[in-house]
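To start, the structure under review is shown below, and the notes come after it.
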Amino acid sequence: MRGAKRRIDPGLIDQLRDEPYRFEFFQAVRLLLAHYREEDGEQNDLDLLGQVIRFRNSVSLSFPPSEIEALEFEAPAVAEASAIDADKGPRWRRLGKVTLTPSFFGLTGPMGVMPRHYTHYVAERELYHRDTATRAFLDIFSSRAVALFYQTWLKYRLHLQYEADRRNHFLPLVLSLAGFGLPGMGQRLAGGQQGIADESLAYYAGALRQRPQSAQGFSRVVADYFRVPCKVEQFVGQWLQLPRHELTTLGGANAALGVSTFCGERVWDRNTRVRLIVGPLRKAQFEEFLPGKSAAANLERFFQLMMGASHDCELRLILDKRDLVQATLGSPGSNTRLGWNGWLGKRQAATDSREVAYLIGAGSRQD
């Protein structure tokens, strides 16, 4: 961002218009396409390259100092600016059609594929006879060839394809690695504006596709996405209530010793629960992980995606000792919830609070 007393820097389109020789060919075409896409989002690159951005043959035989010999806009194209942005400079209303003359590609010119005397002939017709028909005829073939050359260059640069069309090119390919590449699965975990965007799933596609998942991999994804310290404790014990039809009854089912016999109505299990310890957190971060908040909902989505429906997680939040506050009735803006972020009486602030814990995943939905 520019300083308060600095002048507005010219935009890239202005620099390209005034000094095209300072730009590489591919970068210049990329900037023009980006501008036209923003101006008229319905047109695709193929239509723009054929109708709005045209390419001409060079008629010069001198050594080319740059990749772009000339760049011409239609006369009324840049006559008026519609708005001035404080940081980006003027935004031009319409550029009109553009004619770009590359010096390294074409039928004529210093790098032309046709014999040199054709370049002499075309230049002579334009200079002495004011006849541009020959050059215009050759431009019909070379303009299409240059457009295809640019598209070939773009085809294997996936990051630029993502820049041009985020929804239909690079993003679905990466989402396919995580199992979300089908059109009907787009924005599956978005859950509104505060959910997990497809771009985030694509970023973690390599980690999401791992099977089986590891505790270290899950903790790294959580720590990186939420920008909080965390660790995972595995094999956390819990009592599982047995369904009534699985209980052992004399003279009934589930009575084979060593096979299906259970003594009691519950069993001790260490295979289906982990404990995720998040923190220490400051107050603002801590409250976002409380039940019903956006961070808590997104964390549960990540857990279900990576660990599946057969596991549950005990989420334990650590509140920084500097934010331990006493509950006060009627305090404006405090949003104090007893047992979550507020306590009765005075507390010693020597250590962080580790008292807040609740279940997410399969265990949170058990009756």
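Where a number appears in this text, it was derived from the coordinates with a stated rule and is not lab data. Computed from a predicted model, the values in this text were never measured in an experiment. Glycine gets a Cβ as well: all are built from the backbone with ideal geometry, and neighbour counts include every protein chain shown.
In nm, what is the difference between 0.36 nm times the number of residues separating Arg116 and Lys155 and their Cα-Cα distance? Don't jump to the answer; show the numbers that get you there.
Details: separation 39, 0.36 × 39 = 14.04 nm, distance 3.21 nm.
Here the answer is 10.8 nm.
Please give me the summed charge of the neighbours of Ala133: other residues whose Cβ is under 11 Å from its Cβ, Lys and Arg +1, Asp and Glu -1.
Summing Lys/Arg as +1 and Asp/Glu as -1 gives 0.
Please work out the C-alpha center-to-center distance from the range 97-144 to the range 261-310 and express it in whole Å.
Spelled out, the Cα-based centre of one part sits 69 Å from the other.
How large is ³J(HN,Hα), in whole Hz, for each residue of the range 165-172 in order, when computed from phi with the Karplus curve 6.51 cos²θ - 1.76 cosθ + 1.60 and θ = phi - 60°, using x for Gly and Pro?
Couplings: 8, 6, 8, 10, 10, 6, 4, x Hz.
What does the charge count around Glu233 come to, taking other residues whose C-beta lies under 10 Å from its C-beta (Lys +1, Arg +1, Asp -1, Glu -1)?
Numbers: positive: Lys231, Arg273, Arg275, Arg316; negative: Glu314.
After counting each charged neighbour, the total is +3.
Less than 10 Å Cβ to Cβ from Leu71, Lys/Arg counted +1 and Asp/Glu -1: what total charge do the surrounding residues give?
Here the charged neighbours net out to -3.
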